[in-house]
Amino acid sequence: MDITSSYTRILALLGLAIFGTIAAWQFYLFTTFKGTDGVVDVQGGTIHLWVAIGIGLVTCVGAFFLISSFRRYNRQNEMHITSHGSPLR
């Protein structure tokens, strides 16, 4: 496996973890949003909810593509059905 590919995958995993953390933090801000009187207001922090949903969707799509790249086999060892193979001696 190419070393740059492994570094790219590690950076992608780190990025997904950061996005997931940001989404969780935004959801936390939504659930603990307080109005001007200091009381928890569930209707006031809807922007935090939408940001959490958006970042969560981006994280899920990114995780899908990252997992599909982990499942991909080595393309250099690929052998097609129509290839002739090595000649017999």
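The number of residues in segment 38-51 that are surrounded by 10 or more Cβ atoms within 10 Å (Cβ to Cβ) and either outside any helix (DSSP H, G or I) or at pLDDT below 70 (or both) comes to 5.
Here's the yes/no breakdown for (1) at pLDDT below 90; (2) more than 18 Å from the chain's Cα centre (by Cα):
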{"position": "Ala17", "(1), (2)": "no, no"}
{"position": "Tyr28", "(1), (2)": "no, yes"}
{"position": "Ile53", "(1), (2)": "no, no"}
{"position": "Leu57", "(1), (2)": "no, no"}
{"position": "Ala63", "(1), (2)": "no, no"}
{"position": "Arg71", "(1), (2)": "yes, no"}
{"position": "Asn77", "(1), (2)": "yes, yes"}
{"position": "Ser83", "(1), (2)": "yes, yes"}
{"position": "Arg89", "(1), (2)": "yes, yes"}
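Pairs are defined by a Cβ separation below 8 Å, a sequence spacing of at least 6 or placement on different chains, a first member in segment 36-47 that is among the charged types (D, E, K, R), and a second member that is modelled with pLDDT under 75; the pairs so defined are Asp41/Gly35.
Cβ-Cβ contacts under 8 Å between residues 6 or more apart (or on different chains), taken from a first residue in segment 2-22 that is surrounded by 10 or more Cβ atoms within 10 Å (Cβ to Cβ) to a second residue that is modelled with pLDDT of 85 or more and of a type in the set (Gly, Ala, Ser), are listed as Ala12/Gly62; Gly15/Gly62; Leu16/Gly62; Leu16/Ala63; Phe19/Gly62; Gly20/Gly56.
The values are calculated or read from the model by the stated rules, or taken from the named source; none is laboratory data. Predicted model only: the values in this text are computed from it and were never measured. Note that we place each Cβ from the backbone using ideal geometry, even for glycine, and neighbour counts take in every protein chain shown.
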